[in-house]
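Encoded as structure tokens, the structure appears first; notes follow it.
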Amino acid sequence: MDFTELMRLASGHVEARLTQTALELAIFDALEDSAATAEVVAKRLKLEPKATELLLNALTALELLHKGKEHFSLNEIAAKYLLKSSPQYVGAMIRFESELWACWEKLPEAIRSGQPVRPPNMYQEEPTETEIFIKAMDSLVKARGDGEVIANAIDWSEVTEVLDVGSGPATYPIMLCQRFPNLHAKIFDLPGTLVLTRSFVRRAGMQDRIELIAGDYRKDPIPGSYDLVFLSNIIHGEGEHDNAALVHKLASNLKLGGRLVVKDHILDDSRTTPPVGAIFSLLMLLTTESGRCYSFSEIKSWMEHASLSRVQRIDLPAPLTSSLVIGVR
């Protein structure tokens with residue numbers, strides 16, 4: 001690292017805030033049909049023209065827009081990921097990141113106390129908050145193409161019954177059922193989340209293939225027996241002992257030869273690599289009771305204590321930043 005890189009890290013919030021503000025103000029959508037001057041964009045969005053030009057110039061500098069003489073237009077990345085009309089729109093995730101600003105501002109407080117700075121309620125107390133969170137998860141998975149990656153990373157040829165625990169918007173079960181005609185899925189999630197999950201399943205026309213079961217995986221029994229149990233981005237929100245108990249519980253839901261698949265940021269034994277996992281652990285400090293990212297060794301230990309065998313790790317390709325850990329009953 002050199003001085004320039006150090007200062008880039010120290011001021012990274014600026015680039016983030018520019019991107020979030022542009023989405024909030026619908027800058028990219030205003031340029032969807034044609035290039036326009038800053039004055040035209042400002043008029044369309046009821047913004048101040050000179051301030052709008054400053055923002056558009058900055059977005060051009062960040063390579064999110066293209067500028068001709070005085071006209072601004074979308075570049076390939078903006079058109080693909082930042083337009084609401086795009087199937088790979090990631091704006092819902094960026095909106096959620098914006099909502100987390102208040103948490104990151106209180107990081108020193110969390111480091112001093114070791115306690116979260118917001119209620120560790122899994123975004124369940126306010127329906128609006130739940131909706132922002134669930135739509136963010138759907139947005140991110142669709143934009144990156146996670147579903148296709150998971151479909152290719154695992155052998156699904158013998159899987160007819162799958163359980164997705166904490167599925168949220170049902171993005172994975174929907175994609176998998178669309179690809180594999182013999183697959184049926186059950187989703188186990190909190191009642192407040194399932195209000196939204198139901199709408200995603202209905203829009204996909206998957207009501208006959210995907211069943212929703214309300215419950216709290218921390219304390220409620222999980223019904224059924226499955227060829228594969230999928231646990232995506234769940235363990236980072238829980239403490240070590242709760243995760244060990246959850247893995248043990250889910251192992252009992254597997255048929256003989258069935259697989260438990262954990263998808264998450266998987267750290268090395270130093271807990272510093274990959275960097276995204278080490279950094280994400282601090283978000284869990286801010287927002288959960290005892291969550292963090294875990295190493296492969298830790299997850300393997302939980303699986304082996306639950307009598308799962310042949311535990312393996314599969315690293316997923318970029319732009320995904322996570323890995324799979326798979327154990328067999």
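The values are calculated or read from the model by the stated rules, or taken from the named source; none is laboratory data. It should be emphasised that the depicted structure is a prediction, and the values quoted were computed from it without experimental measurement. Backbone-built Cβ (ideal geometry, glycine too); neighbour counts: all protein chains shown.
Can you give me the number of residues within the stretch 11-25 that are closer than 12 Å to residue 95 by Cα and not in a helix (DSSP H, G or I)?
Total satisfying the criteria: 1.
Kindly list the number of the only condition in (1) of a type outside the set (S, T, N, Q); (2) free of Cβ contacts under 8 Å to residues at least 24 places away in the same chain; (3) in a helix (DSSP H, G or I); (4) in contact with a Lys or Arg (Cβ under 9 Å, 6 or more places away or on another chain) that fails for residue 286.
Going through the list (1) of a type outside the set (S, T, N, Q); (2) free of Cβ contacts under 8 Å to residues at least 24 places away in the same chain; (3) in a helix (DSSP H, G or I); (4) in contact with a Lys or Arg (Cβ under 9 Å, 6 or more places away or on another chain), residue 286 breaks only (2).
Please go through the stretch 155-173 and pick out each residue that is among the hydrophobic types (A, V, I, L, M, F, W, C) and either assigned to a loop (DSSP other than H, G, I, E, B) or surrounded by fewer than 24 Cβ atoms within 10 Å (Cβ to Cβ) (or both).
If the condition is that a residue be among the hydrophobic types (A, V, I, L, M, F, W, C) and either assigned to a loop (DSSP other than H, G, I, E, B) or surrounded by fewer than 24 Cβ atoms within 10 Å (Cβ to Cβ) (or both), then 156, 159, 165, 170 are the ones that fit.
Identify, by number, the condition in (1) small (Gly, Ala, Ser); (2) in contact with a Gly (Cβ under 7 Å, 6 or more places away or on another chain); (3) surrounded by fewer than 18 Cβ atoms within 10 Å (Cβ to Cβ) that residue 113 doesn't meet.
Status for residue 113: all satisfied but (2).
Cβ-Cβ below 8 Å, separation at least six or inter-chain, first residue in the stretch 206-224 and without any contact (Cβ under 8 Å) to a residue 60 or more places away in the chain and more than 19 Å from residue 250 (Cα to Cα), second loosely packed, with under 11 Cβ neighbours inside 10 Å and not basic (Lys, Arg): which pairs?
Note: no pairs meet the criteria.
Report, ordered by the first and then the second residue, all pairs with beta carbons closer than 8 Å, sequence separation of six or more or different chains, a first member in the stretch 110-129 that is in contact (Cβ under 8 Å) with a residue 40 or more places away in the chain and aliphatic (A, V, I, L, M), and a second member that is surrounded by 11 or more Cβ atoms within 10 Å (Cβ to Cβ) and in a loop (DSSP other than H, G, I, E, B).
110/116; 110/117; 117/106; 122/190
State whether the residues of the stretch 266-276 include one that is farther than 21 Å from residue 153 by Cα, touching a Gly at 6+ places or on another chain (Cβ under 9 Å) and of a type in the set (Gly, Ala, Ser).
no
With respect to residue 145, is the statement that it is closer than 27 Å to residue 87 by Cβ and either of a type in the set (Val, Ile, Thr) or surrounded by fewer than 18 Cβ atoms within 10 Å (Cβ to Cβ) (or both) true?
Considered against the rule, which asks whether it is closer than 27 Å to residue 87 by Cβ and either of a type in the set (Val, Ile, Thr) or surrounded by fewer than 18 Cβ atoms within 10 Å (Cβ to Cβ) (or both), residue 145 comes out as yes.
Answer with yes or no whether residue 244 is modelled with pLDDT of 95 or more and in contact with a Leu (Cβ under 9 Å, 6 or more places away or on another chain).
no
Checking the condition under 22 Å from residue 282 (Cα atoms) and under 14 Å from the mean Cα position of the chain (by Cα), which residue from 109, 105, 129, 97 passes?
Of 109, 105, 129, 97, the one residue that is under 22 Å from residue 282 (Cα atoms) and under 14 Å from the mean Cα position of the chain (by Cα) is 97.
When you check residue 306 against the structure, is it assigned by TED's automatic domain parsing to the domain that holds residue 226 and either within 15 Å of residue 154 (Cα to Cα) or under 16 Å from the mean Cα position of the chain (by Cα) (or both), yes or no?
Judged against the criteria, residue 306 is not a match.
Those residues that are surrounded by 17 or more Cβ atoms within 10 Å (Cβ to Cβ) and not in a helix (DSSP H, G or I), I need them from the stretch 27-38; list them, please.
31, 36, 37
What strands (runs of 3 or more DSSP E) completely inside the stretch 210-276 contain at least 3 residues that are over 24 Å from the mean Cα position of the chain (by Cα)?
Of the strands (runs of 3 or more DSSP E) lying wholly inside the stretch 210-276, those with at least 3 residues that are over 24 Å from the mean Cα position of the chain (by Cα) span 254-264.
Mind checking which residues of the stretch 199-209 are assigned to a loop (DSSP other than H, G, I, E, B) and more than 20 Å from the chain's Cα centre (by Cα)?
Scanning the stretch 199-209 gives 205, 206, 207, 208, 209.
In the stretch 56-71, which residues are in contact with a helix residue (DSSP H, G or I) (Cβ under 7 Å, 6 or more places away or on another chain) and part of a helix (DSSP H, G or I)?
Result: 56, 58, 59.
Pull out all pairs, ordered by first then second residue, where Cβ-Cβ is under 6 Å, the residues are six or more apart or on different chains, the first lies in the stretch 135-154 and is part of a helix (DSSP H, G or I), and the second is surrounded by fewer than 20 Cβ atoms within 10 Å (Cβ to Cβ) and of a type in the set (S, T, N, Q).
Every condition considered, the pairs that remain are 143/88.
Residue 50 passes all but one of (1) in a helix (DSSP H, G or I); (2) under 21 Å from the mean Cα position of the chain (by Cα); (3) among the basic types (Lys, Arg); which number fails?
With (1) in a helix (DSSP H, G or I); (2) under 21 Å from the mean Cα position of the chain (by Cα); (3) among the basic types (Lys, Arg) applied to residue 50, the lone miss is (2).
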